[in-house]
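Working notes for the structure below.
Laboratory data are not the source of any read-out in this text; all were calculated from the coordinates shown. All of these numbers come straight from a predicted model, not from anything done at the bench. Cβ atoms come from the backbone with ideal geometry, glycine included; neighbour counts cover every protein chain shown.
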Amino acid sequence: MHLGRLGLARPEMTTMHLALQNAETINRLVEQGELLLKNFHAEYEKDPAGWNTEFARGELTGWRSTLHTLYRDYGEDVVNRAIARARLTIPDVAVPSGATHAF
């Protein structure tokens with residue numbers, strides 16, 4: 001069966017310039033990034049080394065990584081738009097000293 005009939009894109013069709021994407025989808029992704037940035041910074045103000053802060057950092061990192069997977073280099077355009085709207089910075093993704101991880 002042809003992939004197009006299943007609603008699946010062929011690998012060579014997945015990398016598209018943002019201008020060709022649905023504007024509503026891109027706007028929603030920007031809004032989601034703005035919300036994630038605001039949530040991270042709110043948690044960071046409460047407790048910079050807290051569990052909720054690190055969870056919010058992970059959500060933001062996952063969002064950004066997904067954008068890069070879907071849109072490759074153009075994913076950063078969405079990230080930059082979210083940063084501009086929120087007027088906040090992207091946190092460092094390094095694990096802060098003193099953080100513990102269960103294995």
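Kindly rank 21-27, 65-71, 52-58 from highest to lowest mean number of other beta carbons found within 10 Å of each residue.
52-58, 65-71, 21-27
If each residue of separation counts as 0.36 nm, what is the full-extension length gain between Thr66 and Arg85 once their alpha-carbon separation is subtracted?
4.9 nm
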